[in-house]
Structure formats: C-alpha cells, structure tokens
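Chemist: Before anything else, here's the structure in question.
The values are calculated or read from the model by the stated rules, or taken from the named source; none is laboratory data. Remember, predicted model here, so these are calculated numbers, not experimental data. As a convention, Cβ positions derive from the backbone with ideal geometry for all residues, glycine included, and neighbour counts pool all protein chains shown.
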2 protein chains.
Amino acid sequence: MRIVIDAMGSDNHPAADVAGAVMAAHTFGDTIILVGDEARIEAELAQHKTADLSLEVKHASQVITMTDKPGDASRTKKDSSMHVGLNLVKEGAADAFVSAGNTGGILAVATLHTLRRIRGVQRPALGVVFPTPTRPMLIDNGANADCKPDYLLQFAVMGSLYVSRVLGIDNPRIGLISNGEEEGKGNSLIQESLPLLQASGLNFVGNIEPKEFLQGAADVGVTDGFTGNIMLKTAEAIASTMSTMIRDALMANPLTIVGGLLARSAFKKVRQQLNPDEVGGAPLLGVRGPVIVGHGRSNAYAIQQAVKQARLMVENDVVAAIEEGLRSA
Amino acid sequence: MRIVIDAMGSDNHPAADVAGAVMAAHTFGDTIILVGDEARIEAELAQHKTADLSLEVKHASQVITMTDKPGDASRTKKDSSMHVGLNLVKEGAADAFVSAGNTGGILAVATLHTLRRIRGVQRPALGVVFPTPTRPMLIDNGANADCKPDYLLQFAVMGSLYVSRVLGIDNPRIGLISNGEEEGKGNSLIQESLPLLQASGLNFVGNIEPKEFLQGAADVGVTDGFTGNIMLKTAEAIASTMSTMIRDALMANPLTIVGGLLARSAFKKVRQQLNPDEVGGAPLLGVRGPVIVGHGRSNAYAIQQAVKQARLMVENDVVAAIEEGLRSA
C-alpha cells in the first residue's frame, strides 16, 4: 500500500509527522510518501534509521498553516502539501492521505480542489470514534457547522457503512443525538431529521442522549458538525478536568498519596484507554479517496495510528462502499 | 422568607420533595409552603419531626408529570402544583418557587400562564453552574432549543447579572461557546451573535471552547439551549463513564485494590465536588419571580440546596436586577 503523509501538518511539523512516517513504514511495511518542504523532510529523515524502509519524499513549496483561512488558502496555495498529497491519491499514485494539519484546510482542498465529493454526497463529514469503552462513532464532528436534515441522513448512511466495513459491526445501530429521547425533543434540525432517519432503512434506534451514546445504545451517533465538535471537546475537557481533580485530591494526605502510588497502573490504564492518540484521527467521509485527519498536537505514535486507520479504509474499500451505498439510498 | 416547594416534582415525589422541605425549613428557618396532593403531603410530613418548623401545605388537585407534553399540560391542568405554587409567588404570597418536576412544564406554566416574562425578555433561559473547580455558569441549558442572536444577547445579560448578584463576581467575563476561538468559527448563530455581544457593553471575552470554559476563561458561557443541554449531559456522561473505568481498572489486581482503598477519601472528595446535588438546581431567568428547577432525580439534600439557591435569588433581588438591566441594555 502507498500512503501519503502531510509532513507539514502537525503543530510540531515536520518532526512529529516524519517520525510518525518512519514508525508507520516500519510497523506496516507500506510505502510512505512524505509531502512538504523536501529539505526539511530530508533533514528530519537523517535523524532516523530508514535503510530498510520504503519512504519517498515529494516536494511541495507551500504550507496551509493552522491560522490560514481554509477557503482563501485552498484557493491561493495550490502547491501546498495538502494539494500535492491529495492529488497523488486522486491520480492513483497513492492509496490514502493522512494529515494532522488545519482541518478546514484539508476539507477545502479535498472537497473543492482535488479529490472532490463522491457523486450524490451533499457534504463530506468527519467521523470520530470516541475512545470510551463502547467505542461509538460520532458523525459529523466539525466539518459542517450548519446542517440540513438531508445532510444528517447522509452522515448516517456514511457512518453506518464506515463502522460496518472498518469496525466489522453488522447492521450498525444509528442514533440521532438529542437532548431527550422522546419524539418532539431536540431543535428544529433534529425534529426534521427524525422522520428521514426513520424512513431510511438504516438500523435507526431513535433519538439518543449523550449518556446513552456513551453507554453503547448506538454504534453511530449522528449530529451536526457544531454540536458534534462541542460534544467531543466537552468530553475531552471533562476527562482532563477530572484527572486534575483526582490528582489534586490524591495529594491531600499521606494515605491517599500512597493509595495513588499503588493504584498508579490503574490510572495509567484508564489514561491509555482514553488517549485520543490511540484512535489516531478522524476519517473524512464523502470524498473520492481515503483521508484521515489527525489532531494538530499529534505525536509520532498518533501519526502512525492515523496511518493504521487509513489502511483500514483502503483495505475495506470504504470509499466504494459509500459510492454504492448512496446510489442505492 | 416564604419559599414554595412543588411536592409533586421529583421522580420520587412526594417523599423526596417533602423530606427536602423539612430539611430546608430546619436549616434555613424559613417558611416552606408545600404544594400538591394534601393527603399525600400530610402523610409524608407525619414521617418527620416538624414541631418547631414553619411548614404549610397548599392543596393542588393536579400534577404535570414527567411524560406530559408541556404545552398541552400547562393549558389543561390549571390546578397543577406548578400553577398553584407559581401563582403564590405571582400574588406575593410567597417569595420563590422550587420544583424538581418536568422542566418544560415549569417553563410553560411560569412563562405563559402565571408569572410571565419580565418586560423586554424574549425568551427566559435556564442557567446552570457547572460543579467543576472554577464553577462557571452555562446559559441556556435547555429552555430554548432553537435560538436567535437576540436571545443569546439577553442570555448573556441575564447570566451576567445572576453571577454578579448571586455569586458576587464583579463585572463577570462572558464567553460565547463555540467550536473555535477565532472570529468566523461557529455555526451561523454564533457568527451572528458575536457582533451583538461585542457591542453589548458586557465584559465579553469572545468565543470560547468547552475546554477554556471549564478552565475558567469565563464566568458565564452563553449558548443556545440545545447545545447547552448537550454540553451538560456530555459532561455528566463522561464523568460517570470515567468513574466506572477507574473503578474497573482498580479491581485489576491486589495492589491496585489496596491503592484504591487507601485513596478512597480522595475519590469521595472528587465525587462530592462533581455532585450536581450540591448545586441544587438551575435558575430560570427572565420570568417575574425567582424560580429554581431541580433535577428529576433530586433527593432531599438536592431539594434543600435548590431552596438555598432560591433564597440567594430573593436576597440579592435578581429579578429586579434583570428588569433594570434589560431596560438599560
């Protein structure tokens, strides 16, 4: 397999991205194509043992930064690492694209300037698998701040196909994220989307609240990108706040300090389970090629895990499944 | 002070509500007026020592249940405990109203049939103080699933006055909850609300993400009721999920079991801090009288804490402050 990594993506680029590329090439034995500033990439590669690995470098003269406006930058920086990398996938010279860069930038370059949308897709969407025990997927997680009921229906179809293909879940249960389970709850978007989902032929379980979503009442939670992004960020913020509160409470007296030390492996286990690096990134669904969007703060391991996810999308032919699924929807 | 408690409110009514009334009368020395089915309330009161307390009972023949549709029930059940209790406040026979009942029902009865809105208020809103270390307030937390920018501006004014009066925070910092801090982030509601808040004369700190909200970047987070409710419910769900994950991880081996036992007081402390019962309830802001809405699963202690909050609203004359604040806004 040939996977493109945007070497200029992460906050700590190109060091983290190149280290992740090396790690992924080593772990999976794939060809990794690093796209970006050739001199800087080569300088980073020189820090690693790469003799037995299949690593290629493709120069791109521009970078879409975290502070660039996606619409403008995707139009004006046509030789960005995102354009060059995504075009490799478009032309069939690579199988998938991974970037930990500006999410809006990746979206704009993929949707408007390179891969473009799968026929019939109104809005591509970001899925994200929550690293909680039941591992539910939330879609959309930030690609589309304003949504229409039709979009949510397509998110449901794409999310269902993704978890069925990649996570191997048969006939996945789809829930509509709402502030209450009863029909009539939710804002107007939810109320108008409900009948579309009920009539969709999907395994639709109705409105679900965040608690039910996390407890495993659905395999896919469908939401607009604004609400989804707020949910994800609230979840991350509460997990971090609680960790700090527990650490502070453990320092209160000698007994709890000792208890905390003895229980250290348990805390470490929970931290690892909840670590978004394990998940690696969010699949961008609805464009004509496998794309994984990583956290800006990705380290090498997170980049490797994003490559792992990209490989699963390729192996399980998720893009073709969505093309097929939307034709018959 | 004379506080009305809806005896038919909580999931465990009237037992929890009556026990909370007794506790509050004892703790605060106020007169508590229990409204609801007189016979059932008297039967509950007989279980408690009430000799030295100032407790009154006011009969109401109907109950708006958790499954009632708020609009219908508020029109047809005119002798509900909510109608009777809120009318006592309206007529000046009581100072504040507390209920752990159907939130939509309380809203509808207060706004449309009894107290009614403060002049100039477009939509009353529910505030909620997050029980995290910095104790920020989120408004709206579920009263208005669909909002306009004007509403969010008023939520900001009301939230600011509440935390300034009740929590004693001078010139509170107001943030607009969004999926990114930069201008241009957010959905169309956020983008249209931003200039209104910037021009409001409030101490507005701009868009804030959930993480910054929880870390204390603002005293009040402003949001529509759908997003606010999803945020609150996601926070509760993650806190609960993490507790379960930690408990399970601690059971893994003898060392961590012992560690967990030694550290028990620390976990208890964190659980207490995060306990929504401490907060007691959500103030309904924008109606002509102090109203506190409790969790359906309130126990006696939570009811007492809701009464405590109601007392603070009365003592600090929050309703008059909002009347005044919206006239000059």
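Chemist: Looking at B:VAL18, B:VAL98, B:VAL57, can you tell me which residue is under 21 Å from B:ALA282 (Cβ atoms) and in the same structural domain as B:TYR301 (by TED's automatic domain parsing)?
Modeler: Details: B:VAL18 fails: under 21 Å from B:ALA282 (Cβ atoms); B:VAL57 fails: under 21 Å from B:ALA282 (Cβ atoms).
Among B:VAL18, B:VAL98, B:VAL57, only B:VAL98 is under 21 Å from B:ALA282 (Cβ atoms) and in the same structural domain as B:TYR301 (by TED's automatic domain parsing).
Chemist: Looking at (1) touching a Phe, Trp or Tyr at 6+ places or on another chain (Cβ under 8 Å); (2) at pLDDT below 95; (3) closer than 16 Å to B:ILE230 by Cβ; (4) not hydrophobic (A, V, I, L, M, F, W, C), which one does A:GLY221 not meet, given that it meets all the others?
Modeler: (2)
Chemist: Quick check, is B:GLY216 more than 9 Å from every other protein chain (Cβ to nearest Cβ), among the small types (Gly, Ala, Ser) and closer than 29 Å to B:LYS90 by Cβ?
Modeler: For B:GLY216, the condition - more than 9 Å from every other protein chain (Cβ to nearest Cβ), among the small types (Gly, Ala, Ser) and closer than 29 Å to B:LYS90 by Cβ - is not met.
Chemist: Scan the stretch B:169-177 and tell me whether some residue there is over 26 Å from B:ARG123 (Cβ atoms) and not assigned by TED's automatic domain parsing to the domain that holds B:ALA302.
Modeler: Checking the stretch B:169-177: at least one residue is over 26 Å from B:ARG123 (Cβ atoms) and not assigned by TED's automatic domain parsing to the domain that holds B:ALA302.
Chemist: Which members of the stretch A:101-145 meet the condition of being assigned to a helix (DSSP H, G or I), touching a helix residue (DSSP H, G or I) at 6+ places or on another chain (Cβ under 8 Å) and more than 10 Å from chain B (Cβ to nearest Cβ)?
Modeler: Scanning the stretch A:101-145 gives A:GLY105, A:ILE106, A:LEU107, A:ALA108, A:VAL109, A:ALA110, A:LEU112, A:HIS113.
Each row is one residue, and each column tells you yes or no for (1) more than 30 Å from A:GLN215 (Cα to Cα); (2) assigned by TED's automatic domain parsing to the domain that holds A:SER10; (3) in contact with a Gly (Cβ under 7 Å, 6 or more places away or on another chain); (4) among the aliphatic types (A, V, I, L, M).
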{"residue": "A:MET66", "(1), (2), (3), (4)": "yes, yes, yes, yes"}
{"residue": "A:LYS77", "(1), (2), (3), (4)": "yes, yes, no, no"}
{"residue": "A:SER81", "(1), (2), (3), (4)": "yes, yes, yes, no"}
{"residue": "A:LEU107", "(1), (2), (3), (4)": "yes, yes, no, yes"}
{"residue": "A:ARG116", "(1), (2), (3), (4)": "yes, yes, no, no"}
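Chemist: So which residues in the stretch A:52-79 are over 24 Å from A:ASP30 (Cα atoms) and of a type in the set (Gly, Ala, Ser)?
Modeler: Correct list: A:SER61, A:GLY71, A:ALA73, A:SER74.
Chemist: Right, another one. Which residues, counting only those in the stretch A:175-197, are touching a residue at least 12 places away in the same chain (Cβ under 8 Å) and not in a helix (DSSP H, G or I)?
Modeler: Our first condition is that a residue be touching a residue at least 12 places away in the same chain (Cβ under 8 Å); within the stretch A:175-197, this holds for A:175-183, A:185-186, A:189-190, A:192-194, A:196-197.
Selection gives A:GLY175, A:LEU176, A:ILE177, A:SER178, A:ASN179, A:GLY180, A:GLU181, A:GLU182, A:GLU183, A:LYS185, A:GLY186.
Chemist: When the residues of the stretch A:175-197 are filtered to those that are surrounded by fewer than 17 Cβ atoms within 10 Å (Cβ to Cβ) and within 13 Å of chain B (Cβ to nearest Cβ), which remaining residue is nearest to A:THR234 (Cα to Cα)?
Modeler: A:GLU181
Chemist: Shifting gears a bit: Applying the selection to the stretch A:232-245, what residues are in contact with a Lys or Arg (Cβ under 9 Å, 6 or more places away or on another chain) and either in contact (Cβ under 8 Å) with a residue 40 or more places away in the chain or within 21 Å of B:ASN253 (Cα to Cα) (or both)?
Modeler: Hit for the stretch A:232-245 is A:GLU236, nothing else.
Chemist: Could you list, in sequence order, all residues of the stretch B:198-224 that are assigned to a helix (DSSP H, G or I), of a type outside the set (A, V, I, L, M, F, W, C) and buried (at least 24 other Cβ atoms within 10 Å of the Cβ)?
Modeler: B:PRO210 - this is the single residue of the stretch B:198-224 that is assigned to a helix (DSSP H, G or I), of a type outside the set (A, V, I, L, M, F, W, C) and buried (at least 24 other Cβ atoms within 10 Å of the Cβ).
Chemist: Just name the residue that is surrounded by the fewest Cβ atoms within 10 Å (Cβ to Cβ) out of those in the stretch A:294-318 that are over 24 Å from A:PRO133 (Cβ atoms) and either touching a Gly at 6+ places or on another chain (Cβ under 6 Å) or not assigned by TED's automatic domain parsing to the domain that holds A:HIS48 (or both).
Modeler: Residue satisfying both the conditions and the ranking: A:ALA300.
Chemist: Here's a follow-up. Test A:ASP150 against the criterion of being in the same structural domain as A:GLU212 (by TED's automatic domain parsing), at pLDDT 95 or above, surrounded by fewer than 20 Cβ atoms within 10 Å (Cβ to Cβ) and under 20 Å from A:GLU324 (Cα atoms), and give yes or no.
Modeler: Yes, satisfied.
Chemist: While we're looking at this one, here's another question. Being farther than 17 Å from A:SER10 by Cα and surrounded by 15 or more Cβ atoms within 10 Å (Cβ to Cβ) is the filter here; which residues of the stretch A:37-53 pass it?
Modeler: If the condition is that a residue be farther than 17 Å from A:SER10 by Cα and surrounded by 15 or more Cβ atoms within 10 Å (Cβ to Cβ), then A:HIS48, A:THR50, A:LEU53 are the ones that fit.
Chemist: Taking the stated definitions as given, is A:GLY228 small (Gly, Ala, Ser), part of a helix (DSSP H, G or I) and assigned by TED's automatic domain parsing to the domain that holds A:PRO136?
Modeler: On the way: small (Gly, Ala, Ser): yes; part of a helix (DSSP H, G or I): yes; assigned by TED's automatic domain parsing to the domain that holds A:PRO136: yes.
Yes, satisfied.
Chemist: Which residue out of A:ILE139, A:ILE118 is closer than 15 Å to A:ILE292 by Cβ and touching a residue at least 12 places away in the same chain (Cβ under 8 Å)?
Modeler: A:ILE139
Chemist: What is the residue count in the stretch A:268-283 for residues that are assigned to a helix (DSSP H, G or I), of a type outside the set (Lys, Arg) and more than 7 Å from chain B (Cβ to nearest Cβ)?
Modeler: 6
Chemist: If the requirement is being farther than 30 Å from A:LEU262 by Cβ, more than 10 Å from chain A (Cβ to nearest Cβ) and touching a residue at least 12 places away in the same chain (Cβ under 8 Å), which of these qualifies: B:GLY228, B:GLY289?
Modeler: The match here is B:GLY289.
Chemist: Any residue that is closer than 27 Å to B:ARG311 by Cβ, more than 10 Å from chain A (Cβ to nearest Cβ), assigned to a strand (DSSP E or B) and not β-branched (Val, Ile, Thr) - is there at least one of those in the stretch B:161-174?
Modeler: Yes, that holds for at least one residue.
Chemist: Identify, by number, the condition in (1) more than 7 Å from every other protein chain (Cβ to nearest Cβ); (2) modelled with pLDDT under 90 that B:ALA252 doesn't meet.
Modeler: Here B:ALA252 meets the rest and fails (1).
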